[in-house]
């Protein structure tokens, strides 16, 4: 079913919207959540919470690309679950974000920059400037939080090549952010 029709089901408050979302995006949502939280059970709970969040938010929002909308919801819910589960010990997802710390030199947090609209625009432009392969590698690492090994396997490259590409991309991002004054 097309995204537009699924969104119409949400707006009509038809419970089939959740079933159709699950059929079309359930696998992506579960994989994304599991890569963040690390356990099948927590990922299942996060996916169910994401369906509820979509159900509750849809009357106010009408996403044109439901996959991206659901990816953002599941990622945020999973990151919150990860934080709750790992409050005392920082590892896994935290390592991914620590890799990006060198790119952000301002006193504002990434969330504050994003809310101000500056970071969102700069990131959108940065991602648009990348070729498809580099964009996929960047997003798999820093949005979906895939491991280097998973990205290497997906892209059919060596882990060293992926690390090298990510290192260069972080440098490009840092330069782009500095140039934009973020």
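List of remarks:
- Neighbour counts of other Cβ atoms within 10 Å put 122, 23, 136 in the fewest-to-most order 23, 136, 122.
- At R0 = 25 Å, FRET efficiency that the Cβ-Cβ distance of residue 133 and residue 64 yields, to 0.05: 0.50
Each reported figure results from applying straightforward, stated rules to the coordinates on display, with no laboratory input. This structure is a prediction, so every number in the text was calculated from the model and none was measured. Using ideal geometry, Cβ is built from the backbone for each residue, glycine included, and neighbour counts are taken over all protein chains shown.
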